[in-house]
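Trainee: Got a structure here, written out as structure tokens. Questions coming.
The values are calculated or read from the model by the stated rules, or taken from the named source; none is laboratory data. The structure displayed is predicted, hence computed values, not measured ones. Don't worry about glycine lacking a Cβ; one is built from the backbone with ideal geometry, like all the others, and counts go over all protein chains shown.
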Amino acid sequence: MIALLAIVGFGVYRFYSDHRNSAASALLGNARKTEDYQQVIARYPNTPAGADAYLLLAQAQRDEKKFADANATLEVFIDKNPDHQLVTTAQMAMAANLESMGKNDEALSMYQRIAASYPKSFNAPLALFSQVHILKMKNQTEEARRVCEKVMTEYRDSFWAGEAARELRVLKSTGSSAPAARSTIPPFLAAPSPMPGAPMPSPSPRR
């Protein structure tokens, strides 16, 4: 009898959960602006769609150049979904937002933490490569070279290994911190134009 009640209870829970997830997905599918994403989060906070809504809300805030707000949103997303497969993507976006605010030292520190904490992540080589232009801007050319070599050695099969090789050739040929052409990263990670009055960050890569 107890086993039967447990089975029935689980069935009811699955039905409710599936229905809730479907409703959340439908609402998110129709969302187009910050208020819409906030509504999904408020109504369906513990659903996959609710998690996705945080990321889309952060992107919308980023597009509006509300970089601090976007980072606050991404922090909540990470706190609520520490095992989500896009946690490192959220952290990369936070670092890019810090660059857009002219906080290059903080951005560099975050890129370094991502690369060290998630060496097996698909974002690890990008987190390393994203350090290079900041290091060059700080006239830390030798450290920039070491980072390029690390990308080439530890992530030799990745797209970023080729980019690091090109960057390394420029560093060796010029012996300076002169910027090189870089590739374009996905729009979610690419640092938008800085806010008025903020220090100009180094050019984002054309990856």
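Trainee: Select the helices (runs of 4 or more DSSP H) contained entirely in the stretch 36-120, then report the ones holding at least 1 residues which are within 28 Å of residue 156 (Cβ to Cβ) and in contact with a helix residue (DSSP H, G or I) (Cβ under 8 Å, 6 or more places away or on another chain). Steps first, please.
Mentor: Details: elements: 48-63, 67-80, 87-100, 104-117.
Of the helices (runs of 4 or more DSSP H) lying wholly inside the stretch 36-120, those with at least 1 residues that are within 28 Å of residue 156 (Cβ to Cβ) and in contact with a helix residue (DSSP H, G or I) (Cβ under 8 Å, 6 or more places away or on another chain) span 87-100, 104-117.
Trainee: Let me ask another. Quick check: is even one residue across the stretch 189-197 modelled with pLDDT under 50, crowded, with 16+ Cβ neighbours inside 10 Å, over 17 Å from the mean Cα position of the chain (by Cα) and more than 15 Å from residue 122 (Cα to Cα)?
Mentor: Within the stretch 189-197, one or more residues are modelled with pLDDT under 50, crowded, with 16+ Cβ neighbours inside 10 Å, over 17 Å from the mean Cα position of the chain (by Cα) and more than 15 Å from residue 122 (Cα to Cα).
Trainee: Any residue at all in the stretch 174-186 that is of a type in the set (A, V, I, L, M) and at pLDDT 95 or above?
Mentor: Within the stretch 174-186, the subset of a type in the set (A, V, I, L, M) is 178, 180-181, 185.
Subsequent filtering for residues that are at pLDDT 95 or above retains none.
No, every residue in the stretch 174-186 fails to be of a type in the set (A, V, I, L, M) and at pLDDT 95 or above.
Trainee: Turning to a different aspect of this structure: Please work out if residue 121 is over 23 Å from residue 174 (Cβ atoms), crowded, with 17+ Cβ neighbours inside 10 Å and either out of contact with any Phe, Trp or Tyr (no Cβ under 6 Å at 6 or more places or on another chain) or of a type outside the set (Lys, Arg) (or both).
Mentor: On the way: over 23 Å from residue 174 (Cβ atoms): yes; crowded, with 17+ Cβ neighbours inside 10 Å: yes; either out of contact with any Phe, Trp or Tyr (no Cβ under 6 Å at 6 or more places or on another chain) or of a type outside the set (Lys, Arg) (or both): yes.
Answer is yes for this residue.
Trainee: Being at pLDDT 95 or above and either more than 22 Å from residue 127 (Cβ to Cβ) or surrounded by 15 or more Cβ atoms within 10 Å (Cβ to Cβ) (or both) narrows it down to one residue among 52, 36, 69, 79; which is it? Give the derivation first.
Mentor: Numbers: 52 fails: at pLDDT 95 or above; 36 fails: at pLDDT 95 or above; 79 fails: either more than 22 Å from residue 127 (Cβ to Cβ) or surrounded by 15 or more Cβ atoms within 10 Å (Cβ to Cβ) (or both).
After ruling out the rest, the residue left standing is 69.
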